[in-house]
Each structure stands twice: as C-alpha cells, then as structure tokens.
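Please read the structure below before turning to the comments.
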Amino acid sequence: MRIIAGRWRGRRIAAPPGKDVRPTRDRVREAWMSIVQPYLVGAEVVDLFAGSGALGLEALSRGASVAHLVERHAKTFAVLQENVQTLGAGSAAVLHRQDAYTFLRGSAPAQFDVAFADPPYGGEDAKKLAALWLDKPFARLLGIEHDSHQVLEGCSDVRKYGTSAISFFRQEDL
C-alpha cells in the first residue's frame, strides 16, 4: 500500500498480515479523501479500526494536525506502529491499543473534526458505530466503510465503489 497524496505521497506502508484484514483499496481511499479534504487542514482526526493506519496517515499527509489511530489487535497494532515510524509521523500520530467503542466512550477527546471507520465486513460494527454517532456525534464528519449491500440507518450520503460503500454522517445534517 502507499500514501496517495500530500507530504508523504508515494511512500509505502505495510498491510497487516492475514486473511481477516481488508485494507481500503487505493481507489476507494482516494475518493474518500477527496470528499473529506475540505475538513482536513489543521484537523484532529480519528481512524477507528485503524489496521495499517492508512486512512489516518493519509489524513496527516494531507494536512491534518493530529490523527488518533485506534486498533485493538496486537499483531495489527505492531504493523501500525511500524507504519507511523516509517513515515516519521512522530507525535502527530497518537496510537491507542484498544477497542474502538471503549475508546469513544472513555479516553477520546470530546469531539473530532473527522472520523474514519473501516470495521470488519460481515458483522454489525458499521451499524453499531452509526447508531453511536447518531446518539452522540463524536465527530463533525464521520465516514464508515462497509459492504455495499449494507444500509446504515440515518445516512443520506452513501458512495458505492464495487463491493464497498462509504456512508457519510455530518453534524450539519442532524
């Protein structure tokens, strides 16, 4: 995988090993970043279910000031740490080894500018995260990647990319 644009454009980052990991494809990530670009400069972002950290690191590359990268799995977290070091992200990348929901309910700042979420397909995490945001918005803008056949309640802005979709939730839409 590579960083698509910004100060780290073209730099490679590692993907976590295993069949359970499904990194966001470059084409989808590029479209996602184009949509959120107006919110990124100087922003505090969070990458939930971070995996490789590609979304949060891409946001830093494009001008976000801080990216909180949240990943609970030890082996995946080790790859995430490696990617942060490879890019020299330093203190702009704040790593959290914990469950995304625990993070949001406890140690997260009051609100983020942008939240990225790429939970595992096939489960209820995307719906659960959308419901949590609708109950108490934890970001001005939330994007959740999910299976294109899945519908997230309360969302009117869905972009489909083959078998993937990104549902966007904005505070101004509430």
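The values are calculated or read from the model by the stated rules, or taken from the named source; none is laboratory data. Quantities reported herein were computed from a predicted structural model and do not represent experimental measurements. All Cβ positions, even for glycine, are placed from backbone atoms using ideal geometry, and neighbour counts span all protein chains on display. Quick note on the areas: whole protein, heavy atoms, side chains included, nothing else; ligands and nucleic acids left out. Shrake-Rupley method; radii C 1.70, N 1.55, O 1.52, S 1.80 Å.
Could we say that residue 62 is more than 18 Å from residue 139 (Cβ to Cβ) and out of contact with any Cys (no Cβ under 7 Å at 6 or more places or on another chain) here? No; evaluated as a whole, the condition is false for this residue. Search segment 91-111 for residues being in contact with a helix residue (DSSP H, G or I) (Cβ under 8 Å, 6 or more places away or on another chain) and either part of a helix (DSSP H, G or I) or open to solvent by 60 Å² or more (accessible area, probe 1.4 Å) (or both), and hand back the single one that is farthest from residue 130 (Cα to Cα). Result: 92.
Among residues of segment 132-157 that are without any contact (Cβ under 8 Å) to a residue 60 or more places away in the chain and polar (S, T, N, Q), those with a Cβ under 9 angstrom from a residue that is open to solvent by 50 Å² or more (accessible area, probe 1.4 Å) and outside any strand (DSSP E or B), sequence gap 6+ or separate chain, pair up as 148/162; 148/163; 150/121; 150/127; 156/173. Within segment 50-86, if we keep just the residues that are in a helix (DSSP H, G or I) and hydroxyl-bearing (Ser, Thr, Tyr), the residue that is most open to solvent (accessible area, probe 1.4 Å) turns out to be 86. Evaluation of residue 43 against the conditions (1) open to solvent by less than 10 Å² (accessible area, probe 1.4 Å); (2) within 19 Å of residue 86 (Cα to Cα); (3) small (Gly, Ala, Ser) shows that the sole unmet condition is (2). Looking only at segment 23-40, residues that are open to solvent by less than 10 Å² (accessible area, probe 1.4 Å) and of a type in the set (Lys, Arg) come to 1 in all. Taking the condition at pLDDT below 95 and farther than 21 Å from residue 125 by Cβ, does residue 44 pass? It is false that residue 44 is at pLDDT below 95 and farther than 21 Å from residue 125 by Cβ.
Taking segment 156-172 as the range and being of a type outside the set (Val, Ile, Thr), out of contact with any helix residue (DSSP H, G or I) (no Cβ under 6 Å at 6 or more places or on another chain) and either exposed (fewer than 12 other Cβ atoms within 10 Å of the Cβ) or modelled with pLDDT of 95 or more (or both) as the test, the residues that pass are 156, 157, 159, 160, 162, 165, 167, 168, 170, 172.
Looking at segment 25-41, is at least one residue in contact (Cβ under 8 Å) with a residue 60 or more places away in the chain, part of a loop (DSSP other than H, G, I, E, B) and over 21 Å from residue 107 (Cα atoms)? Among the residues of segment 25-41, at least one is in contact (Cβ under 8 Å) with a residue 60 or more places away in the chain, part of a loop (DSSP other than H, G, I, E, B) and over 21 Å from residue 107 (Cα atoms), which makes the answer yes.
If you filter segment 145-155 down to residues that are open to solvent by less than 70 Å² (accessible area, probe 1.4 Å) and of a type in the set (D, E, K, R), you find that the one that is farthest from residue 115 (Cα to Cα) is 147.
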